[in-house]
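Every read-out reported here was derived from the displayed coordinates using simple, explicitly stated rules and does not represent laboratory data. All of these numbers come straight from a predicted model, not from anything done at the bench. Virtual Cβ from ideal backbone geometry, glycine too; neighbours counted across all protein chains shown.
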Amino acid sequence: MQPTRIQLLFDEVKKQSRAALIAYVTAGDPTPERTPGIVAALERGGVDLIELGVPFSDPIADGPVIQRGADRALRAGTSVSKVLEMARKIREHSEIPLLLFTYMNPVLRYGLERLAADAKAAGIDGCLLTDLSVEEAGTGAARPIGQPQAPGTSAEPASVVPANASDTGTGAARPIGQPQAPGTSAEPDSVVPANSSSTDPEAARPIGQPQTPGTSAEPDSVVPANSSSGGPEAARPFESQGTPGVPAGSYIGVMRSAGLDTVFLAAPTSTDARLKLAAQYSSGFVYLVSRTGVTGERAALSNTLEPLIARTRAVTNLPLAAGFGISTPEQAGVVAKMADGVVVGSAIVRMIEKNASSFEKCEAELEAFARSLRDKMSWRA
């Protein structure tokens with residue numbers, strides 16, 4: 001596989017003795033037409049890499065700010081296809097590395113092999129699936145929708161197939177977009193995106209009700225629960241060709257065959273075994289979740305980040321980028337002295353939300369904010 005823009009970026013910032021500045025934006029927020037301009041403004045301010053977030057109706061790893069951003073994007077008609085179209089628009093004027101940041105369900109609904117090919121053609125450099133278990137990433141466990149499950153094998157991850165498909169309660173019958181009655185079970189369609197009013201088959205429905213802050217599972221527990229499954233289901237091959245040492249048709253095999261990086265998350269709660277797997281299956285960089293909990297701005301950095309960096313450096317030479325809860329120039333400056341990349345997301349999405357009605361003001365503030373982050377990310381000795 002040829003070096004991606006992500007890999008070349010980290011080679012370059014290492015030569016420059018500095019950390020990379022990584023910005024997360026929800027693609028399509030506030031509208032699909034605005035995203036390329038937002039990315040351009042961030043790049044002018046000094047951002048090195050863009051995480052292009054695919055809006056999803058059930059963003060369990062995200063806090064309220066990014067949840068609202070996803071809701072705005074979905075209501076504006078954003079789908080996986082439109083996100084890739086935005087990437088193509090960005091590529092008309094920029095070579096900034098682009099990392100597709102999404103959940104498993106939109107990928108499965110779009111089609112894994114189709115996404116890999118289309119993403120590469122659109123100029124995407126890699127993919128991060130927040131709820132794909134690293135233990136399953138190198139197997140055939142995450143089969144495309146529509147392929148029969150082998151008899152006697154374990155069930156799909158809870159995040160892929162609705163667990164309450166046979167539920168006859170009010171949650172099962174509730175129309176999309178109607179608030180769920182307190183105490184009822186979750187709706188089946190809340191897992192697999194399904195917007196009946198959309199002409200785009202993979203489009204996700206708008207979020208019907210904001211998630212209560214603090215109720216989501218920790219980032220490391222968001223991944224599918226059946227990571228230890230090893231029966232025929234996990235071993236069954238796909239049709240695509242994988243890379244050497246990786247089963248054909250696995251997520252990693254499909255992505256690498258298309259020339260895309262695969263980035264995985266590691267959290268303070270990750271075991272040593274999971275850290276090793278995340279490092280083994282990542283390319284480009286490893287994403288370190290700086291704290292337990294969901295995304296969002298925090299008043300102070302977590303004291304769990306530095307030990308996590310040390311533990312991860314002991315098992316890999318890949319660059320390490322830290323995110324979740326980094327929102328100020330001062331915090332970015334501290335993290336830049338420890339990690340190879342600094343990820344800022346919620347602060348940017350909040351700024352877009354505040355200036356949604358003024359395109360010029362939004363771009364100007366984003367550029368200035370990015371520059372303030374870079375100014376504090378001092379060069380290493």
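Put simply, the amide H of T262, placed in the peptide plane, has neighbours under 5 Å in C127, S283, leaving out anything fewer than 5 places away on its chain. Report the FRET efficiency, 1/(1 + (r/R0)^6), for S372 and N317, where r is their Cβ-Cβ distance and R0 is 35 Å, rounded to 0.05. Computed FRET efficiency for S372 and N317: 0.65. Within the shell defined by Cβ-Cβ distances under 11 Å, the residues around G28 carry a net charge of 0, with Lys and Arg each +1 and Asp and Glu each -1. Highest mean packing comes first when the peptides 23-32, 321-330 are listed by Cβ atoms within 10 Å, giving 23-32, 321-330.
Shape class for the range 11-73: oblate, because the ratio a/c of the largest to smallest gyration tensor axis (alpha-carbon atoms, square roots of eigenvalues) is 1.5 or more and b/c is at least a/b. Between R44 and R91, the modelled labels are 2.4 nm apart [label points 7 Å from Cα along Cα→Cβ].
Were the residues from A364 through M1 laid out at 0.36 nm apart, the gain over their Cα-Cα distance would be 126.9 nm.
Going down the list K15/K354; K82/K361; K120/K376; K15/K376; K15/K82; K82/K376, which pairs span over 30 Å between their C-alpha atoms? As for pairs spanning more than 30 Å Cα to Cα, those are K15/K354; K120/K376; K15/K82; K82/K376.
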